[in-house]
Amino acid sequence: MAKKPVTRKQLLKEPDQFISFSGKLIEFGRSNLKPILIGVGALFALIVIFVIINQVSASNERRASEMVEAAMAKYSAALADTDAQTAAERVKPDFEVIFAQYGNKHATQLARVVYGDISFNAGDADTAIAMYKHALDDVGQSVALKNIVVSGLAHAYQLKKEYPSAIQYFMMIVDGTDATLKRDAMFNLACLYKEAGEDAKRRAMLDRLLADFPGSAYEALVREEISG
């Protein structure tokens, strides 16, 4: 049996659902005005705090960058009139302040790599290793930057004549997928194998360097090593 059509008169008698819902919402707002205002106030306060933290963080990041740039400029100027060890001693307090005050900033994370290089150039392998290891935790997903830090570690251990550790870190670069400093790592490994009297490994690494990087700046040195 077909349903009878609803007349306009009947529709007008039915309560409008939207109006009913709106009325209930308004009534809820009136009854709960204080907790709503408290909630909105708390949300607004959180937003303000978040903005302030970001502004302070950005300000600190800029300040850290400025301090790192100043320390690097001071080091470069020192190298113009003294040796690497004395230049490193002159900027040591500057970097110590940076690490103490802005240890978690991106500029400071890169500063550890810079100070690792400064320490290495000064012959201070232990400080260089400490800086590079700390930096290794900072580099995140940047494979190229990671290779730079790992290479620093390898060279620092090589400076200490701790050859097994140096080989371990150079091999991390050679076995990796990124080409950054891979040629350098291969050539240094060949030199380390030569130092250790492992001629077969040395020759294999030199051959691999020629095969993987034909026409590189190392080619003349490699061919000289092979012929020698």
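The values are calculated or read from the model by the stated rules, or taken from the named source; none is laboratory data. Owing to the predicted nature of the structure, the values given are computational and were not obtained by experimental measurement. Every residue, glycine as well, gets a Cβ built from its backbone with ideal geometry; the counts of neighbours run over all protein chains shown.
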Over segment 126-138, the set of residues surrounded by 19 or more Cβ atoms within 10 Å (Cβ to Cβ) and either among the aliphatic types (A, V, I, L, M) or not in a helix (DSSP H, G or I) (or both) is A128, I129, M131, A135
Exactly one of S119, S227, S165, S142 is among the hydroxyl-bearing types (S, T, Y) and touching a residue at least 24 places away in the same chain (Cβ under 8 Å), and that residue is S119
If we ask which residues in segment 208-225 are part of a helix (DSSP H, G or I) and surrounded by 14 or more Cβ atoms within 10 Å (Cβ to Cβ), their number turns out to be 7
Filtering segment 73-108 down to residues that are under 30 Å from S142 (Cα atoms) and either not in a helix (DSSP H, G or I) or not assigned by TED's automatic domain parsing to the domain that holds A125 (or both) yields Y102, G103, N104, K105
Only unsatisfied item for S31, checking (1) modelled with pLDDT under 50; (2) surrounded by fewer than 11 Cβ atoms within 10 Å (Cβ to Cβ); (3) more than 30 Å from V139 (Cα to Cα), is (1)
For Y193, the lone unmet condition from (1) of a type in the set (S, T, Y); (2) outside the structural domain of F99 (by TED's automatic domain parsing); (3) modelled with pLDDT of 90 or more; (4) closer than 24 Å to V113 by Cβ is (4)
Cβ pairs under 6 Å, 6+ apart or interchain, first in segment 177-195 and in contact (Cβ under 8 Å) with a residue 24 or more places away in the chain and crowded, with 18+ Cβ neighbours inside 10 Å, second hydroxyl-bearing (S, T, Y) and not in a helix (DSSP H, G or I), ordered by first then second residue, are R183/S216; R183/Y218; F187/Y218
